[in-house]
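Worksheet: the structure to be examined is printed underneath.
Any read-out appearing in this document is the output of simple, stated calculations on the displayed coordinates, not a laboratory observation. Because the structure is a prediction, the values reported are computed rather than measured. A quick note on method: Cβ atoms are made from the backbone with ideal geometry, for glycine too, and the neighbour counts reach across all protein chains shown.
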Amino acid sequence: MKEDTIAAISTPMGEGGIGIIRISGEESFNIAKKLFYPKSKISFEEMKPRTMYLGNIYDDLEKYVVDEVLMVKFKAPNSYTAEDMVEIHSHGGFTAVRKILNLVLRNGARLAQPGEFTKRAFINGRIDLSQAEAVIDIIRAKTDKALKVAVDQLKGKISEKIKEIMDSLLSVIALVEANIDFPEEEIPEASPDIILKNISYNIERLNYLKEKAGAGKILREGISTVIVGKPNVGKSSLLNSLLMEKRAIVTEIPGTTRDVIEEYINVKGIPIKIIDTAGIRDTKDPVEKIGVERAMEKVEGAELVLFVVDASGELEEEDYKIMENIKEKRLLIIFNKIDLGQKIDEKKVKEHLPGKRVVKISALRDEGIELLREEIYELIVNEVGSLEEGIIITAQRHIEAINKAIESLKEAKITVENNLPMEISAIYIREAWEYLGEITGDSVKEDILDAIFENFCIGK
Ligand code: GDP
Ligand code: ZN
């Protein structure tokens, strides 16, 4: 069955330089032909693919020119979806773009679902599933480094690696099956040795990909970070310095940062998802209390804690309480207000938070912030490894599939080692192959597909 023709606005709504309406499917050219009148008076058929033409969009019912636009057509299979496609580049803004989309819909297209263009590219075999997913990552990339990893994925580098492993597994499955089906024939023997070697080698390769996934997850999703400290130590000021613009409200009155703000800062390519929370302290004020409770919850879920103390004062009861709560976390101790001189007992802090590093800053004067960035970077890279080279798996879905594949291969290994019939080993190896196929889309189920493409925006 032929797919129907879909259309959507592919640029963000609102005022902008241009707004693009995309059409994909069999009827794309017929629809565009009815609406578009090129300035150069050539026919639609004479228009060259992948070339922009200036013209008018004409409303054939209400008989007026809606907008002057640029149109480009793409002939299947040389398009984003691998179908016939048309893009109409209109003047941005709300009305013209909407109006053109309505005309396109009135002439036979259907409004596209989120991610449907990309889904078609996948279904039509132009890209595989991990490449389709990379499209979202590119749209959402928070730093240059995250973008580079997503682009690698779009180019198919992850699929390539996974497919190599899948092919290797398939070759051993084929060998086992051939031995079962034609035991008398002149085929290479599926010796336990050969099978074991293959399994171990592929477990190793998958483990390597898995090891790098920690870094990938951080690049893709950012590392969730909370700034904690009692009121007035300079948490909001620190956030401001890190963000390098005034976004969080800084006040002189303790405990007024009530809203939890989420921001991303870029620390040498690592997206740090930073949350400024209300000061942690016992309080009778119900509004403040919500903030405090939320702050403790946030600490629990955080992957990195920035603990701020006022270095110009003495440690107080509240500081001790906070330290007690955070000492197991990945954390940096920040001595703020160092411009006022250091009065705090550094040894005492280090006793309560053994093994944690101290960074001295003045959020007010923007001093020590660069050093703090370095320390954050070092802390993370020390734990998850380099973010620089090799193929980096970023998606949680992929990591899970790799884990399951490794488990199946381990089962397979046990069956071989225990001299169980080879058919049984082959079942486990095939299982591993199928898990990996979920990454490339070779063996993916419809509900997984739907879940993936639901995340896309309309028009992509
Ligand atoms: P928060 O309650 O922890 O978020 O603290 P704020 O960021 O709102 O800061 C409380 C007060 O301390 C404000 O008056 C800031 O200007 C001041 N402050 C913050 N950082 C520094 C610093 O490094 N040096 C000095 N001298 N004052 C600071
Ligand atoms: Zn604050």
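The modelled label-to-label distance between TYR58 and LYS268, using points 7 Å beyond Cα along the C-beta direction, is 6.2 nm. Between GLU370 and GLN342, the contour length at 0.36 nm per residue exceeds the alpha carbon distance by 8.1 nm.
For the pair SER200 and LEU420 in one chain, pulling the backbone fully straight at 0.36 nm per residue adds 77.5 nm over the alpha carbon distance. Electrostatic bookkeeping for ASP345 treats Lys and Arg as +1 and Asp and Glu as -1; over the other residues with beta carbon under 10 Å from its beta carbon, the sum is +1. Within the range 214-229, whose backbone N sits under 17 Å from a point 7 Å along Cα→Cβ of ILE448? Within reach of a label on ILE448: no residues. Under the combined filter of DSSP loop state and at most 16 neighbouring Cβ atoms within 10 Å, the range 292-366 retains these GluC sites (Glu not before Pro): GLU314, GLU316, GLU328. Using a ≥ b ≥ c from the Cα gyration tensor of the range 8-92 (square roots of the eigenvalues), is it rounded, prolate or oblate, where a/c under 1.5 gives rounded and otherwise the larger of a/b and b/c decides, a/b for prolate? Cα axes put the range 8-92 in the oblate bin. Based on DSSP H segments of at least four residues, each scored -39500 (n - 2.57), the chain has a per-residue ellipticity at 222 nm of -15000 deg cm²/dmol. Taking every Cα-Cα distance in the chain and sorting them into 10 Å bins starting at zero, the pair-distance distribution P(r) comes out as 4, 16, 18, 17, 18, 15, 8, 2, 0 percent. Take each peptide in 212-220, 402-410, count the other Cβ atoms within 10 Å of every residue, and average; sorted highest first, the result is 212-220, 402-410.
May I ask you to sort LEU315, LEU420, LEU103 by Cβ crowding, counting other Cβ atoms within 10 Å and putting the fewest first?
Ordered from fewest to most neighbouring Cβ atoms within 10 Å, LEU315, LEU420, LEU103 come out as LEU420, LEU315, LEU103.
Grab the beta carbon distance between ALA178 and VAL151, set R0 = 41 Å, and tell me the FRET efficiency rounded to 0.05. Mind showing how you got there, number by number?
Numbers: r = 41 Å, r/R0 = 0.99.
About 0.50, to the nearest 0.05.
Applying 1/(1 + (r/R0)^6) with R0 = 51 Å to the Cβ-Cβ distance of GLN113 and LYS39 gives a FRET efficiency near 0.90. Can you list the GluC sites (Glu not before Pro) in the range 1-83 that are in a DSSP coil and have 10 or fewer other beta carbons within 10 angstrom? Sparse-neighbourhood loop GluC sites (Glu not before Pro): GLU15, GLU62. Computed on the chain, with alpha-carbon pairs under 8 angstrom and 6+ residues apart, the relative contact order is 16 percent. Counting only DSSP beta bridges with both residues in the chain, what percent are antiparallel, rounded to the nearest 5? Expressed as a percentage, antiparallel bridges in the chain total about 60. Would you mind getting me the FRET efficiency between GLU300 and MET13? Use the beta-carbon distance for r and R0 = 35 Å, nearest 0.05. Once rounded, the FRET efficiency stands at 0.40.
Using only side-chain charges placed at the Cβ, +1 for Lys and Arg and -1 for Asp and Glu, the dipole size of the chain relative to its Cα centre rounds to 1780 debye.
Taking only the C-alpha atoms of the range 113-164, the Rg (one decimal) and the largest Cα-Cα distance, Dmax (whole number), read 11.2, 33 Å.
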